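Please treat every number below as a calculation from the coordinates, not as lab data. Nothing here was measured: the structure is a model prediction, and the numbers come from that model. Here Cβ is always computed from backbone atoms with ideal geometry, including for glycine, and neighbour counts include all displayed protein chains.
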Amino acid sequence: MPATTLVCPHCEKTVEIQVSSVTRSRPCPECGQMVMLQMAEKSTKTKRRALLMAQSEPTAAASTVQTRLTEPAYEQQPLPGDAFERMRMDPEIHQFRRRLLIGVGVVLFIILVMVIVSLFQPETSAAIKPGTKQTQADAAEVGASAAMIQPDESLPQVNSGNLVFRPPGSTDLKTASALPDSSSVGNLAKLAAAEEILTQFLQTPSWKQRVSLVRDRLRVAPLMSIFYSKNADGPIEFDSIVEATEISPKFSEHVVVFEGGGRRMATVEHTAKGPVVDWESFVGAGEMAWSDFLELRQAAPTLFRVLVSPAGHFENQFGDPAALNCYSLRNISEPGAKVVYGYAEKSSVLAKELDYRLQQSADATVPMILQLKFPPDAPVDFQVWIHHFVQAGWVTP
């Protein structure tokens, strides 16, 4: 066991005490008091030696005692190594450095979060601090506006969108009306003139007087003669004319309501000489009478105004639904006219045109002008070929 020479703190004599790495205290050989050789600090867990000097082996202790007695009792012992290195390895400095780095990291993280929030936060208008002049002025305006209408005052109900005002010196509210648009006034005048001509057209006692009110009278007069030779002539009984609509600068449409409740569309053309009625579209006229066409089973293509709708009647030479499209054709030129089925080859341009017109319309039936013909040796009078599509609608340009 190594021996250590030290000065007893009790008797202040130089003594030699045998110590080990686990020795905490030993009795002084001179005074018998306990000498503390080690002490530990609980806060840092760092062990420190107290009152220790250079160690010597037990064999050399006797030879060096005399030499030690001549040396000073307290000799300054230099610490080994560089001072900066010892400071850098100090655990307290390591702990302080660690805390400083953690604090700097927390501050940088908070700054980064605030920057990200400011970038994604929507811009808001600056609030006006209470008590400022602007706030006081706004409050004064609100108070003045509220004072204009008394709380107990009951206002009459008005239609939405109307401007209501109270004339000076009056207790009644008035509704302001917008100034009429010059173009709207012109349109209303055109529709009124068209309705007047249409009323005369319906009330005329014979077709010979009516022909002066129709469109394209020179071409239409022979057709009117044929038509009224097979149909009743005279004034057309009606109840009213409603739903006047300007469909273009040249034409307007009017719905004629008959006394029996039926309706029919009448088209009026606006010309430089005044409005005229499109007679052909009003009666649904064709190149020949509908009944004559069915009776003669006309094989030559003949033009007719018909109402077209999809159908599915297949028989006789028109009995293949895989190769043909079927359509219902109705003519209004004659009361109680028979409905006819028209056919077109499924893959033809004609069938695609008819299907397109039907799909584009919101109604179940679409008015069209078509050329129709019977097949040779037709066994029935209600199945015809659709020869050609002329146009959609009954009014020709």
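Between THR396 and GLU237, the FRET efficiency from the beta-carbon distance, with R0 = 30 Å, is close to 0.65. In this structure, the residue pairs whose Cα-Cα separation is over 30 Å, taken from LYS250/LYS338; LYS208/LYS250; LYS230/LYS346; LYS208/LYS338; LYS273/LYS338, are LYS250/LYS338; LYS230/LYS346; LYS273/LYS338. Residue exposure proxy: LYS273, LYS230, ordered by other Cβ atoms within 10 angstrom of their Cβ from fewest to most, comes out as LYS273, LYS230.
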